[in-house]
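Asks: The structure follows.
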Amino acid sequence: MDTQLLFVILIIVTALLFDFTNGAHDAANSVATIVSTKVLSLGQALVFAAFFNFIAFVVFGNEVAKTVGSGLVDVNRVTPEVIFAGLLGAIVWNLLTLYLALPTSSSHALIGGYAGAAVARVGFGVIITAGWIKTVIFIFIAPLLGFALSYVFLILISWVIYLMKFKPGSVTSWSRHAQLISAGLYSLGHGSNDAQKTIGIITGLLFSVGYIKTFSIPFWVVMAAHTAMALGTLYGGKRIIKTMGQKIFKLRPLDGVCAETASAISIFLATSMGVPVSTTHVITGAISGVGAAQRFASVKWGVALRIIWAWFFTIPAAAIIAFVLFSVGSRLF
């Protein structure tokens, strides 16, 4: 086994490790509402989310993977060392924010790290501006869309409950059952968008070393990425679940249904357009939306603002870490 192949295997393992940390970090997004509303226990919810994360590849194509792998950075100028440094930058940021219990974006950490390492090697000319424009636009659109949809959904459902004179007990009962559907949809969306990012990175690696002649995604890469994400989801991120589920706004089952459904719609839209969005951004916006629909002051905007600051720092922070790692590594080796 030659040195290049060993290095490629190491990078693939690292990419799947990132996917695992993505699942662990973002498991909170998939199950925070369903756990905080006590529809499922934490263990049940993690198994539930992992299943839908895994089967997402059956439902969706690979447009997001193509964007991440070849639409943000010129893949013809990428080397395995660039991808390795980019992944390490994203993993370091993920682990740091996991320790701090900050629900930041694993997606943005990955693309930030990838870009930072590529710039360290080639310069800013390696960046594909068009791909970044739509990605950056959705940094703002995704959480706002989640906020707006969940706000409208809760208002509309509340009016129906009022007009039909449903009793509170019956509302809680049917909304707890409905939340199983909404949480499943959200987990499906999470798997469809987030796993594709690692798929794109691994495919770009295989292309950069000539193991595949065109940017075509091997099926084994799809299976490996979804498996790693599902296992990471099973591991879970308990501290972040608490932040997402209760610290922004204390959720009821009905709130969970609205937030998860709004988030799923937003992510499905982005995935169909091939845009790598932050599932963390979307669910945070949606949770804030249902809180604001009931009483604007009830939302703990200080916690939300802390999360927003972490969003803004994620891409540049991961890029800087990867830039430094590549620069230091290229001098040492």
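The values are calculated or read from the model by the stated rules, or taken from the named source; none is laboratory data. Predicted model only: the values in this text are computed from it and were never measured. Don't worry about glycine lacking a Cβ; one is built from the backbone with ideal geometry, like all the others, and counts go over all protein chains shown.
Asks: Just wondering, is there one or more residues in the stretch 149-169 that are under 20 Å from the mean Cα position of the chain (by Cα) and at pLDDT 90 or above?
Replies: yes
Asks: Sticking with this one: Cβ contacts < 7 Å: first residue farther than 20 Å from Leu110 by Cβ, restricted to the stretch 1-21; second residue surrounded by 15 or more Cβ atoms within 10 Å (Cβ to Cβ), any location; separation 6+ or different chain. Result?
Replies: Here the result reads Gln4/Val209, each pair linking the stretch 1-21 to a residue that is surrounded by 15 or more Cβ atoms within 10 Å (Cβ to Cβ).
Asks: Moving on. Looking at the stretch 73-90, which of its residues are farther than 12 Å from Ile11 by Cβ and surrounded by 24 or more Cβ atoms within 10 Å (Cβ to Cβ)?
Replies: Selection gives Val73, Gly89, Ala90.
Asks: Within the stretch 312-330, count every residue that is small (Gly, Ala, Ser) and either in contact with a Phe, Trp or Tyr (Cβ under 6 Å, 6 or more places away or on another chain) or free of Cβ contacts under 8 Å to residues at least 60 places away in the same chain (or both).
Replies: Pass one, the stretch 312-330, residues small (Gly, Ala, Ser): 317-319, 322, 327, 329-330.
The next check asks that each one be either in contact with a Phe, Trp or Tyr (Cβ under 6 Å, 6 or more places away or on another chain) or free of Cβ contacts under 8 Å to residues at least 60 places away in the same chain (or both); those that pass are 317-318.
So the answer is 2.
Asks: Still on this structure: On the given criteria, is Ala225 of a type outside the set (Phe, Trp, Tyr), in contact with a helix residue (DSSP H, G or I) (Cβ under 7 Å, 6 or more places away or on another chain) and either assigned to a helix (DSSP H, G or I) or modelled with pLDDT under 90 (or both)?
Replies: Yes: the conditions hold for Ala225.
Asks: Which one is farthest from Arg331 (Cα to Cα), of the residues in the stretch 136-155 that are out of contact with any Gly (no Cβ under 9 Å at 6 or more places or on another chain) and in contact (Cβ under 8 Å) with a residue 60 or more places away in the chain?
Replies: Ranking the qualifying residues of the stretch 136-155, first place goes to Ile155.
Asks: Go through the residues of the stretch 104-114 one by one and say whether even a single one is in contact with a strand residue (DSSP E or B) (Cβ under 7 Å, 6 or more places away or on another chain) and in contact (Cβ under 8 Å) with a residue 12 or more places away in the chain. If you could, list the steps in order and put the result at the bottom.
Replies: At the first step, the residues of the stretch 104-114 found to be in contact with a strand residue (DSSP E or B) (Cβ under 7 Å, 6 or more places away or on another chain) are 114.
From what's left, in contact (Cβ under 8 Å) with a residue 12 or more places away in the chain: 114.
Looking for residues that are in contact with a strand residue (DSSP E or B) (Cβ under 7 Å, 6 or more places away or on another chain) and in contact (Cβ under 8 Å) with a residue 12 or more places away in the chain, one finds at least one in the stretch 104-114, hence yes.
Asks: Considering only the stretch 19-48, how many residues are modelled with pLDDT of 85 or more and either surrounded by 24 or more Cβ atoms within 10 Å (Cβ to Cβ) or acidic (Asp, Glu) (or both)?
Replies: 1
Asks: Looking only at residues that are surrounded by 16 or more Cβ atoms within 10 Å (Cβ to Cβ) and modelled with pLDDT under 90 in the stretch 1-18, which one is farthest from Ile83 (Cα to Cα)? Show your work before the answer.
Replies: Going through the stretch 1-18, the residues surrounded by 16 or more Cβ atoms within 10 Å (Cβ to Cβ) turn out to be 8, 11-12, 14-18.
Retained after the next criterion (residues that are modelled with pLDDT under 90): 17-18.
Working: Leu17: 14, Phe18: 12 Å.
Ranking the qualifying residues of the stretch 1-18, first place goes to Leu17.
Asks: Check off (1) in contact with a helix residue (DSSP H, G or I) (Cβ under 7 Å, 6 or more places away or on another chain); (2) surrounded by fewer than 24 Cβ atoms within 10 Å (Cβ to Cβ) for Gly61 and give me the number that stays unchecked.
Replies: Evaluating Gly61 over (1) in contact with a helix residue (DSSP H, G or I) (Cβ under 7 Å, 6 or more places away or on another chain); (2) surrounded by fewer than 24 Cβ atoms within 10 Å (Cβ to Cβ) leaves (1) as the failure.
Asks: Among (1) under 19 Å from the mean Cα position of the chain (by Cα); (2) at pLDDT 90 or above; (3) closer than 26 Å to Asp19 by Cα, there is one condition Ala120 misses while meeting the rest; what is its number?
Replies: The number of the failed condition is (1).
Asks: Please determine, by comparing only the residues of the stretch 66-79 that are in a helix (DSSP H, G or I) and of a type outside the set (A, V, I, L, M, F, W, C), which one is farthest from Ser272 (Cα to Cα).
Replies: Arg77
Asks: Based on this model, can you work out whether Lys242 counts as outside any helix (DSSP H, G or I), surrounded by fewer than 18 Cβ atoms within 10 Å (Cβ to Cβ) and modelled with pLDDT under 80?
Replies: no
Asks: Without any contact (Cβ under 8 Å) to a residue 24 or more places away in the chain, among the hydroxyl-bearing types (Ser, Thr, Tyr), more than 30 Å from Leu5 (Cα to Cα) and surrounded by fewer than 16 Cβ atoms within 10 Å (Cβ to Cβ): which single residue out of Ser216, Ser170 fits that description?
Replies: None of the other options fit; the residue is Ser170.
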